[in-house]
Every structure is written in C-alpha cells, then in structure tokens.
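Colleague: The structure's right below; bear with me while I get my questions together.
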Amino acid sequence: MQIPLQITIRGIAPSEALEKRIRDKAEKLNEFFNHITSCRIIVEEPHKHHHQGKQYNVRIDISVPGREIVVNHDHHEDVFVALRDAFDAAKRQLEDYVRQLRGNIKTHQPRPERQEGLPAE
C-alpha cells in the first residue's frame, strides 16, 4: 500500500489479535491489487442492546486510482466474522474494479435496427 493502513476501533477493548487480523486481511487485498492508495478500517460496537448481545459493525474505505470502494457490514455478533465478511465483500468489489480496468466487462450487442417494410425478428 502506498499510504499506511488506518485502523480505528471504537467501543471495543483493543486487542493485538484483532489488529493483527485486520492487518493480515488488508495485506491480502494489497497482494491481490497492489495499486491501493489508502485503506481505512473502522471496527465498532455501535449499539449496546441488552436483549440482543453485542453487535459489531465494520466499515472499510479503500482508495484506488479513479475510485473509492466502500464496504459497510452491520451487526454481527462475532467481531472476527464481521471482519471476514467485510473483507470478503471488499475483495469482490476490488475484483469488479480490476475487471473493469482490464476491459473484461460484459457488453451487450446492440439490437439490430428494424428496416422499413421488413417483418420484425
């Protein structure tokens, strides 16, 4: 990554295991596409509902040339599962971006124009 990884953890006691998992997942994204210019990750426990237990939210903002990729995964009970799901979604969006860069986008053939006096197909 050209710009350092920014990690923000809110409402959760910080842990080395959580931060290491975030760094590992971000590095895998960088291995897949090494033109990432910045990556910001926010992990938080936004709502403290006593009847539902802990719910974690993960937001990932990735800057690549010409685009900003944003993933927001809400409300999962396990912070590591929430991270996995968010990074999986980020990788899918990054794959779509790479396909667009390479021109591997499906294009539909234009429908032939109907000529006067000829029946439609």
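Colleague: What do you reckon, is Val70 surrounded by 15 or more Cβ atoms within 10 Å (Cβ to Cβ) and at pLDDT 90 or above?
Modeller: no
Colleague: Of the residues in segment 60-101, how many are farther than 16 Å from Lys28 by Cα and of a type in the set (S, T, N, Q)?
Modeller: 2
Colleague: State which residue is nearest to Arg59 (Cα to Cα) when the search covers only segment 11-44 and only residues that are assigned to a helix (DSSP H, G or I) and of a type in the set (Asp, Glu).
Modeller: The extreme case among them is Glu19.
Colleague: Return the residue satisfying two criteria in turn: it lies in segment 10-25 and is farther than 16 Å from Arg84 by Cα and out of contact with any Phe, Trp or Tyr (no Cβ under 8 Å at 6 or more places or on another chain), and of such residues it is modelled with the highest pLDDT.
Modeller: Among those that are farther than 16 Å from Arg84 by Cα and out of contact with any Phe, Trp or Tyr (no Cβ under 8 Å at 6 or more places or on another chain), it is Glu16.
Colleague: Just name the residue that is farthest from the chain's Cα centre (by Cα) out of those in segment 26-55 that are modelled with pLDDT of 90 or more and within 17 Å of Pro14 (Cα to Cα).
Modeller: By that ranking, first place goes to Glu44.
The values are calculated or read from the model by the stated rules, or taken from the named source; none is laboratory data. Predicted model only: the values in this text are computed from it and were never measured. Note that we place each Cβ from the backbone using ideal geometry, even for glycine, and neighbour counts take in every protein chain shown.
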